[in-house]
Every structure is written in structure tokens, then in C-alpha cells.
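Written out below as C-alpha cells is the structure these notes cover.
Values quoted throughout were computed directly from the atomic coordinates according to the rules given, and no laboratory measurement underlies them. These figures come from a predicted structure and were not determined experimentally. FYI the Cβ positions are ideal-geometry reconstructions off the backbone, even for glycines, and counts take in every protein chain you see.
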Amino acid sequence: MTSGNNLDLAQRLALRRGTPAAPAITEVATEIRSNSVIAIPPPGPDGLKYVIGVAVIEWAFRVPHHRIRAFNAFLADNEALIADACEKLMRGVHYRGTYMTTHGERVEYRTYWAYDSHDAQKQWEIGLAKAGSNFTKALRHLRSYWLGDPNGTHRHFAPGALFAKDPGGAFFGFTLETAEQMEGGGAAAKPGRRRKPARK
Amino acid sequence: MSFPNGCFRKTRRLRIRPVPEREVCLVYTPKSPNLYTLNATAWVVLELCDGRSLASLQKAFHSAVEPLMSEREAAEYLLVSLRDMIEKSIVEVVPGTGSQRARPQKGRVAT
């Protein structure tokens with residue numbers, strides 16, 4: 001729409017109700033909606049001491065065969081540095097290794113990060129503060145392999161026990177309730193349920 | 001006005017989205033990231049800010065709203081709206097060359 005058309009439209013709307021209203025400009029309050037995101041509840045003080053982490057992140061990626069030797073050598077030279085640097089520079093952030101998985105001839109790597117709390121992920125602002133540090137260089141190199149795979153994934157895990165009291169936020173709770181009502185024949189609609197065929 | 005020879009124009013990279021069904025337009029200001037809703041009157045003022053001088057703006061705005069508003073009433077609305085839009089980085093004041101390519105100057109709209 002051209003500016004001229006916009007002016008015509010604005011003028012028409014301004015005069016639509018008679019004498020134009022006083023000019024008004026209001027800020028639109030923006031909000032982040034998380035209807036499809038499951039919120040991770042915080043653990044209790046004594047809970048879940050057996051888990052890998054309250055939040056676990058997995059990078060899955062494939063490495064071309066011609067780079068596998070180099071990547072494994074990189075891991076051998078740098079993993080201990082990455083792991084120790086996480087412990088020294090950040091609180092609640094742990095590197096748990098990069099694993100090579102095989103499915104026949106398909107080679108895939110999985111890198112695991114564990115966090116003591118959901119908020120511990122903010123510690124990266126401290127850990128990555130020095131762009132030229134050995135830790136940052138090593139991490140950038142590791143991440144470059146993940147970036148090199150267009151099908152690489154980045155998944156978040158949280159212990160299921162955390163969701164026993166809080167299902168994971170209001171919307172996910174609503175989703176579970178709806179599913180339970182459907183299963184129990186409650187008031188909600190029952191889309192997708194199979195009906196028994198009528199006997200002839 | 002503190003810029004007697006100044007001209008008024010939309011700030012660079014301003015995004016305007018008409019929402020005629022609600023009789024408003026939405027404006028996004030990348031310079032100082034914010035989203036605003038302008039009612040139709042403010043929207044008319046904004047659309048007129050194409051590098052015109054204040055005198056030209058006053059004349060154009062009055063002709064857009066006459067005969068429902070007098071020149072004085074229209075001028076008051078215009079000044080209120082311009083002040084608000086400059087404060088919110090929706091409109092900027094540039095030296096009075098009449099060109100939309102002129103460089104912006106810092107300043108405020110005085111009464």
C-alpha cells in the first residue's frame with residue numbers, strides 16, 4: 001500500500017465518526033507466549049540427587065567420514081579442558097561428554113550438558129565472556145561440528161519426576177486435563193475416538 | 001517550535017501496518033525498539049510527515065479534518081501529536097530543505 005493510499009485511508013477513518021478524536025499513541029505491551037512450551041518446575045532442596053541434571057541438553061549431529069578422525073582427536077585433546085573449565089568458570093553447568101554412536105555405517109555424535117537448575121543456563125554469559133580464551137576456542141570448535149550438520153538437533157530433557165506436582169505450566173496442564181477427559185469420557189469433545197461398528 | 005525551519009519526516013526504517021478494521025495503525029520503531037498503536041487522527045499526522053515544514057503540515061492537517069475542526073483546534077492536535085511522535089522516535093525533525101534525504105537533527109518540539 002502506498003503512502004498516498006495510507007493517507008486516504010487514515011483520513012477516511014479519522015472522519016468516520018464525525019469530529020476526529022484527539023490523537024493518541026499507545027505502546028503495545030508485548031508478551032512471550034509459551035502455549036507449546038513445557039515449563040520445567042524447580043526441584044525441591046533434597047530431590048533428584050540421582051539424576052544427570054535437572055536440565056540436560058543433547059546435541060546430536062553427524063560428522064562426515066573424512067572428518068571423523070580429526071573430530072575424535074579434537075575430543076581427546078579438548079574434552080577435559082571443556083569439562084574442567086565448566087566447573088571452574090560456571091556454577092551448575094557440567095559437560096558430560098561427546099559420544100559416538102553407530103547405526104551400521106551411520107556415525108552420529110551426541111554431546112550432553114547437564115545443569116543443576118534451569119537458571120544455570122544463564123551462566124554461559126560468564127563462561128563465554130572471554131572470546132579468546134582456550135575454553136571459548138575449544139567450545140566454538142566443538143559447536144562448529146554441530147553447525148556443520150544441517151540436520152543436527154538440540155534437545156532439552158528434564159526429569160519426569162519434576163512434573164509430578166506441577167505438570168509443566170498452565171497450558172500443558174490444560175492439555176493433559178483435556179486428554180484425560182477425552183480418555184475418561186468427560187465433558188470434552190472426543191475427536192479421533194474410534195466408535196465400535198454397529199452390529200448388523 | 002525549536003526548529004522554525006525544520007521539517008518532519010518518519011524515522012528511517014519505520015514500519016507501518018494499517019489495521020483498518022480497528023481504525024488504527026501499528027508502528028514499529030527499530031531505532032528504539034517498540035510497537036505502538038496510533039489512532040486514526042495520529043495516523044493522519046504521521047502520513048503527512050513526509051519532509052514537510054510545520055506550516056505545510058498545519059495546512060495539510062487542517063485540510064484533512066476541516067470543516068469539523070478549526071485551524072486552531074487542528075494546530076493543537078498536530079502539535080500534541082508531533083511532540084509525542086518525536087519523543088517516541090516515530091517522527092524526526094530534519095533541517096528545512098524540504099528534502100526527505102536531509103540529515104536529522106537532535107531537538108524537541110516546544111510549545
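Of note:
- Shielding value for B:28-41 is 4, the average number of Cβ atoms from other chains within 10 Å of each residue's Cβ.
- Using the Cα coordinates of chain A, the gyration tensor eigenvalues translate into equivalent-ellipsoid semi-axes of 44, 32, 22 Å, sorted from longest to shortest.
- Cα centroid of the range A:67-94 to Cα centroid of the range B:5-22, whole Å: 51 Å
- Sorting A:113-120, A:21-28 by their mean Cβ neighbour count within 10 Å, with the most densely packed peptide first, gives A:113-120, A:21-28.
- From the alpha carbon centroid of the range B:38-66 to that of the range A:140-163 is 53 Å.
- Computed over neighbours whose Cβ is under 12 Å from that of A:Pro167, the net charge equals -2, Lys and Arg +1, Asp and Glu -1.
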